[in-house]
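The next block holds one structure in the form of structure tokens; read it before the comments.
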Amino acid sequence: MEYKLNVKITAEDYIAFNFDYLSRDKKLYLILLFVLLMVFGLEMLSFKNWARFFSDIWPFYLLFIFYIFYFAVFIPKRIKKNYKSDNLVQENQELTLSETGIAEKTPRSFCEYYPDDFKKVIFGKKVISIYISAAKAIVIPRHCFSSKEEELKIEEFIKTHYVKAK
């Protein structure tokens with residue numbers, strides 16, 4: 001079986017791909033949450049009055065708010081800047097998915113990837129990322145499918161032929 005897809009990666013797709021990559025390791029988020037709860041709990045155990053409690057803990061809340069702001073504003077801005085600077089990502093691609101691998105054709109190049117090349121597959125909400133190295137992936141935006149049935153068929157095809165058993 002073979003599937004042909006015409007792919008045009010938008011800035012939003014590129015941001016979604018990068019956020020899927022950044023959020024794949026939940027350990028960092030759990031550590032930050034644990035530290036925040038520990039500081040909050042230790043301060044609460046040692047507080048004498050509520051005014052002192054909130055005055056002692058505000059730097060940690062400020063750090064937490066800055067962290068959220070950083071991920072909500074600065075990271076997407078930087079990713080969008082990277083997207084605009086990379087002409088290869090913005091080009092139209094024709095992907096041919098088959099049991100033997102993926103053929104990627106652009107106006108500048110042609111490349112074939114085999115199932116042994118695939119390191120990991122991430123099924124995000126907006127994109128499917130098939131990693132061929134630690135930092136490079138074939139990105140398939142979900143909006144390039146003509147129907148939900150086609151999307152589900154191709155997703156099952158990818159799971160069957162490209163996802164390695166752990």
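Before moving on, here are some points about what is shown:
- Failed item, numbered, when residue 43 is tested on (1) exposed (fewer than 14 other Cβ atoms within 10 Å of the Cβ); (2) modelled with pLDDT under 80: (1)
- The combined condition, being free of Cβ contacts under 8 Å to residues at least 12 places away in the same chain and over 30 Å from residue 161 (Cα atoms), is fulfilled by residue 65.
- When residue 98 is tested against (1) of a type in the set (Gly, Ala, Ser); (2) without any contact (Cβ under 8 Å) to a residue 60 or more places away in the chain; (3) under 15 Å from residue 4 (Cβ atoms), exactly one condition is not met: (2).
The values are calculated or read from the model by the stated rules, or taken from the named source; none is laboratory data. Note that the structure is predicted; figures quoted are calculated from it, not measured. Note that each Cβ is placed from the backbone with ideal geometry, even for glycine, and that neighbours are counted across all protein chains shown.
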